[in-house]
Every structure is written in structure tokens, then in C-alpha cells.
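The block underneath contains the structure these notes are about, expressed in C-alpha cells.
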Amino acid sequence: MRTATVTINPQAMTHNLMQVKKRAPSAKVLAMVKANAYGHGIAAVLPALEQADGIGVASFTEAFEARRLGWDKAVGLVEGVFSASEWQQAIDNGCSCVIHHAPQLQWALDCVPIPNSPTRTVWLKYNTGMNRLGFDEQGVISAAKLLYDAGYQLILTTHFANADDCDHSLTSMQIQRFNEVLTILHRDVDKNIKASLCNSAGIINYPDSHCDWVRPGIMLYGSSPVTDQSASELNLQAVMDFSAQIMAFQTVKQGEAIGYGSRWVADKDTRTALVSVGYGDGYPRVVNDEAYVQVIDSAKQKRYTCSVIGRVAMDMLVIDVSRTPIALALDSKVILWGATLPVDDVAQHAGTISYELLCRLSNRPLRVIT
Ligand SMILES: Cc1ncc(COP(=O)(O)O)c(C=O)c1O
């Protein structure tokens, strides 16, 4: 059987959540589970998030799934709603919404907030420099006044553009702008207005800005959010293992090329193995010549690092097994990424970020929860 497999380890997620809580002990945690929990599956990870205070989703589909699975804590819609009728849907399903532009503000003001309804809490987005979602300074102050007067409870929020780089001048600027507006709102509107700035990188690089809510995503899944420290240096554990099996061996003669485009040419006779995984499963086609996998020799209980050679195809890829034992079994397990091979490495070899690799796995691999 073809066994490209995605294995989810919820205990690793609980461990990572504890790392968030250690770093931000007095903040509440909105655990980001949008994009099907960064490709891990909402159902697979929710039980590991019991200690979180809420979850962040980007769509009602994700919110409904979480509710169907029994999640009864806060659900935050991080892009807010897209129409007046969706505002009512948010009320009906107990979601809190981001309000980032005038139409959303109006939909909120057109309803009277219900006491004790989660929708009474609004995540008011201030554009401090990312320049995607959010009101400008004057806009956010007047929106806050209107929402407060209408009976809403506010969390002033913003999103960092470059928090992965601990020295980026824009981040200091974003924090300064945010704090100035927060001070004005505390003075002129309500001193109980809450604040939320930090994604994973912010949690690590900007501990003075944790405020009332942190919003970790990628670090919960065990990948490093920052440029200068690896996941293991941050004591994060990979939640996903992506693996496949060797399906055939070949010896490619010197001067012969492998695969589509004949990109890789053997400079000597080379023992190769075909692995039953490809871009149709979610392994990136664009990996460079530095990309590698780990082959597990179950007979010898050993692990070998093998280069990916030739172009990754839809259903298979080829690896160089010249340094593994000749007797390597046909069905040997091949680790593509996971606890022993950081997805951050694969992402680097593919010229992208771990987020993209995790989110764009296809539904073809088998899914296992440990
Ligand atoms: C508003 C918001 N907050 C937090 C996050 C989590 O970011 P990260 O995965 O980098 O921790 C995201 C993700 O894109 C987001 O959009």
C-alpha cells in the first residue's frame, strides 16, 4: 500500500502551548487554528489546546468545525465578518470578531450587543504599519468611542509585519504607535480596554509587548517563528511528522540523468531509491540540491541522511542511498520532515516558509493521530 503519512502528535502541541505560557505567563492565549490548524487538522489539535483561552480562525467553516467538536471557549474570527448577515451568524455561534474597516464597524453598530454574548467582545484592529487590515490612528480612536458607547467591550489589536527579525525598526515603530493609541483610549474611552499585539515571533522577540492576549500560531506547531533561533533552541517540538516509504531501488549509471528535465546527472554509478511521495502529497517540487530526507533502517535501528536528487514529481521522488546498507529494506520508512528533520530546513531548501509547506499538504497522505 502507498503509505505517505502525516502523523500528528498532540502531546507536542501541548508542550509548545506550555512554552507559550512560560514566556507570556500573564497573557491569555488565542491559539491560531486557521487554515485547518496550519494543515494539521482542527480535530487533531483541539484536544491539545485545553489550556488555551480561545482559538483564532479565519472563516465560519473553521469556527463551526471547532464548535461541532465541542470547543466551548472563545472563538475569534481574525478577519471579522464579510456582511451584516454574518455579524448575526457570529452572534448565533458565539464568535468574537475583528473589526478592521468601516463596513464591519457599521454592522456591529447596527446591532445591540447582548450581555454575556462573546460577540460583545470586539477585536478592534489598528493598522500600525502592516498596511493590510485596520483603521488609522484617528479612525481607530473614533471607532473605539462608537463601539464603547454602543456597549461593546474592546481589545485593541495589531499585527506585526517583521517580528521574526528582533532588530527591525518597523516593529519598534508599530509598538510605539500602538501604545500611544492605547494610552489615549485608556484616558478618553475606557481604562479597561485590553490589548493584543504578539504572534509567535512577537512572543519570543518582544516580551514587553505581551499585554492581555498573545496570538501564537506557528510556534504551537513546533516550527521556529524567528530568523535567529531554531525550533529546538526554542524548546519547541514538531507536531507533524511527514513520512513515506521506499518503493523501489535503482542503480543509475555514470552520465545518466534522473527524472523530468534530466536535471540531476550521476557523476558516478549511484544507488538510488524511489520514495512514494511527491508534490501531489504536498512535498515541495521546488526543493534545491541541498534538500535531504532521513531513511530509517529498521533492521539496524539506524537513521541515514540522504539527498533528494532529480526533480520531485507528482507521486514520487528519488533519493541517493549510496551511503546506506545494501540490504536496506524495500519498505524502509523515509522521514520528509518532523521531530528529527525540521520542516524549517525543508522550507529553506524550497525557498519558502514552514507555514506554506504545512498548510498546503494535500488530502492524499494517510492521517494518523498518535
Ligand atoms: C492576526 C494574526 N495573529 C496571529 C497570527 C499567528 O501568527 P504566527 O503563526 O506567526 O504565530 C496570525 C497568522 O497569520 C494572524 O493573522
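The values are calculated or read from the model by the stated rules, or taken from the named source; none is laboratory data. Here the structure is a predicted model, which means the values were calculated and not measured. Note that each Cβ is placed from the backbone with ideal geometry, even for glycine, and that neighbours are counted across all protein chains shown. For accessibility, only protein heavy atoms count, side chains too; no ligands or nucleic acids. Shrake-Rupley method; radii C 1.70, N 1.55, O 1.52, S 1.80 Å.
Distance from the C-alpha centroid of the range 58-96 to that of the range 111-162: 17 Å, rounded to the whole angstrom. The loop-placed trypsin sites (Lys or Arg not before Pro) in the range 186-244, going by DSSP, that have at most 11 neighbouring Cβ atoms within 10 Å of their Cβ come out as 191. With the charge dipole of the chain set up from +1 on Lys and Arg Cβ and -1 on Asp and Glu Cβ about the Cα centre, the Cα lying farthest toward the positive end among the listed residues 3, 351, 189 is that of 3. Of 125, 21, the residue with the largest accessible area leads and the full order is 21, 125 (1.4 Å probe).
Taking the 1.4 Å solvent-accessible surface of the range 16-72 as the whole, the part contributed by carbon and sulfur is 50%.
Only one residue of 117, 129, 83 has its Cα farthest out toward the positive end of the dipole of the range 10-221, where Lys and Arg carry +1 and Asp and Glu -1 on Cβ, and that residue is 117. You can think of it this way: the chain between residue 322 and residue 64 has 87.9 nm of extra reach, that is 0.36 nm per residue less the Cα-Cα gap.
Rounded to the nearest whole Å², what accessible area per residue is found for the chain with the 1.4 Å probe?
Numbers: 16610 Å² over 370 residues.
Dividing the accessible area of the chain by its residue count gives 45 Å².
Accessible surface ranking for 220, 146, 1.4 angstrom probe, highest first: 146, 220. If R0 is taken as 30 Å, the Cβ-Cβ distance between residue 142 and residue 285 corresponds to a FRET efficiency of 0.05.
Roughly how many percent of the accessible protein surface of the range 240-369 is carbon and sulfur, given a 1.4 Å probe and a whole-percent answer?
Within the range 240-369, the accessible surface is 50 percent carbon and sulfur.
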